[in-house]
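Worksheet: one structure, shown below.
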Amino acid sequence: MNEHDSERIAGLLTAEGYVPTEEAAEAEVVVLNTCAIRENADNRLYGQLGHLRPLKMANPRMRIVVAGCLAQKDRGLIQRRAPWVDVVVGTHALPSLLELIRRAEAEGPQMDVREYTEVFPSALPAVRGDRHRAWVSVSVGCDNRCSFCIVPLVRGPQRSRPLGEVLAEVQGLAASGVVEVTLLGQNVNTYGRDLTVPGSGSRSRFAELLRAVDGVERLRRIRFTSPHPHDFTPDVIDAIAACERVCEHIHFPLQSGSDRILRAMRRSYRSERYLSWVRRIRDSIPGIAFSTDIIVGFPGETEEDFRGTLRVVEEARFDSAYTFQYSPRPGTAAASFDDQVPKEVVQERFDRLVALQESISLERNRACEGRIVEVLVEGTGRKGGVQGRTRTNKVVHFEGDAAPGQFLDVAIERAHPHHLSGHPVPTAERDGLALAAAE
Ligand code: 5AD
Ligand code: SF4
């Protein structure tokens, strides 16, 4: 979500005639777009602002802007601690960025941290990092109150974008050569809940949205993130199964495998229910891959609770997992819980979890060896060669010539925990769909 906002910030500035520079010293505008979800964004922000101060003194035309979650949260504090900041623009106020910069020139420091999104960031111009893949926001904000999470505090309650607007954006993107979109929302399963008339039934508008976007010609792949296990509904499974363009991959945040901890986290599903969704989804969508988010060391987590997480990980057999050490976010409920877990204990559990997941990821990837899969080329890999991704969201490396945005069939030779390697083959040899059915 934060990167998506950065694309809009770049888009607004570019539309105004600004051009990017690698040299902070010569910049007329410097924007620090902050994300406060996990690490200590504030230390990093004030560190960066300290570096910028002498540059600004040498170049008085420079305007410094702080945007994003921390701007929303810290508000006036930022300009009190760093009076050389010209503009503080919160998460809901991006559309007024240019106006704030102009006013800062005439009137001095500006701040807009309004509480309500009026214009969706996706409706603003964008400079996209990638010409073939795009994020599309379907909702902003979140109505849940997970006790570890800063998001509801800085993004506000959920606001969904009307289906027609989302569809129009996707159609425009597809017409301009985008082949893959990722629908973005904090909890896509409740998409549209705030748009429906009370009492009109609990029909999932997300399933409807998936089906609508699936009808967009020239688009090849649809992804979405993230569904909340509590709000998952069978019609979403049916839509994923029925929609050809929707990829066989679900990011399904677990957070913890201990029911006691889930309760303390205010996550309203329990581990057995979570696993039953995993089973049900696997049964209905052949070849589906799962990824997840897990937090280790939530306050009060005992060895027994942690073993609960390991058990669920063993059973769910995720293709990949993002694992995080719990980090208290000021202002959240869990930050004031008094049974915080010591750092060494968290680290030791974290290492065990990563080792277990790596072995499972490798096993899942090994199932791809000897298969031919459809790969969307993304660019050059870190060690040279070509890097792309399967529909199941697995990274693939291979040697050869291929341009970003191209689809190739790749025979997988070797599995690694975090990627696959192979070689391209003529399309006629493809059994990509057979692959999906066989897994
Ligand atoms: N500490 C650690 N991880 C967190 N996440 C969110 N808040 C915290 C926190 N305070 C993780 C969750 C979420 C992902 C985006 O970030 O796992 O799903
Ligand atoms: Fe945060 Fe929970 Fe909302 Fe996800 S569902 S954004 S973890 S409050």
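The values are calculated or read from the model by the stated rules, or taken from the named source; none is laboratory data. Values in this document were obtained by computation on a predicted structure and should not be read as measured data. Methodologically, a virtual Cβ is constructed for each residue, glycine included, from the backbone with ideal geometry; neighbour enumeration extends over all protein chains shown. Calculation scope for accessible area: heavy atoms of the full protein, side chains included, ligands and nucleic acids excluded. Shrake-Rupley method; radii C 1.70, N 1.55, O 1.52, S 1.80 Å.
Divided by 2.2 N^0.38 Å, where N counts the residues, the Cα radius of gyration of the stretch 120-247 comes to 1.04. Cα centroid separation, the stretch 344-402 to the stretch 56-76: 38 Å. Of the trypsin sites (Lys or Arg not before Pro) found in the stretch 380-428, those in coil by DSSP whose Cβ has at most 12 other Cβ atoms within 10 Å are 382, 383. Percent of accessible area on the stretch 1-123 owned by carbon and sulfur, 1.4 Å probe? Its accessible area is 50 percent carbon and sulfur atoms. With semi-axes defined as the square roots of five times the eigenvalues of the C-alpha gyration tensor, the equivalent ellipsoid of the chain measures 36, 28, 23 Å, largest first. Taking every Cα-Cα distance in the stretch 385-430 and sorting them into 5 Å bins from zero, the calculated P(r) comes out as 5, 22, 36, 27, 9, 1 percent. Scaling the Cα radius of gyration of the stretch 48-104 by the globular reference 2.2 N^0.38 Å produces a ratio of 1.09. Evaluated over the Cα positions of the stretch 230-319, the convex hull gives a direction-averaged projected area, one quarter of its surface, of 5.6 nm². Taking the Kirkwood radius as Rh and the Cα radius of gyration as Rg, the stretch 1-69 has a ratio of Rg/Rh equal to 0.97. Across all directions, the average projected area of the convex hull around the alpha carbons of the stretch 1-115 is 6.7 nm². Using only Cα positions of the stretch 35-193, each an equal point scatterer, no hydration layer, compute I(q)/I(0) via Debye at q = 0.13, 0.16 Å⁻¹ and quote the log10 values to two decimals. Scattering profile of the stretch 35-193, log10 relative to I(0): -0.73, -1.01. Each Lys and Arg contributes +1 and each Asp and Glu -1, all at the Cβ; summed about the Cα centre of the chain, the dipole is approximately 640 debye. In the chain, the DSSP-assigned H stretches of four residues or longer account for a calculated mean residue ellipticity at 222 nm of -11000 deg cm²/dmol, using -39500 (n - 2.57) per stretch and the full residue count as denominator.
Of the GluC sites (Glu not before Pro) found in the stretch 28-130, the ones in coil according to DSSP and having at most 14 other Cβ atoms within 10 Å of their Cβ are 28, 39, 115, 118. For GluC sites (Glu not before Pro), the sites in the stretch 334-407 that DSSP calls loop and that have at most 16 other Cβ atoms within 10 Å are 369, 399.
Gap in Å between the Cα centre of the stretch 274-330 and the Cα centre of the stretch 144-163? Cα centres, the stretch 144-163 to the stretch 274-330: 22 Å. Probing with 1.4 Å while keeping every protein chain in the model, the per residue accessible area of the chain equals 45 Å².
Across all directions, the average projected area of the convex hull around the alpha carbons of the stretch 289-401 is 9.3 nm².
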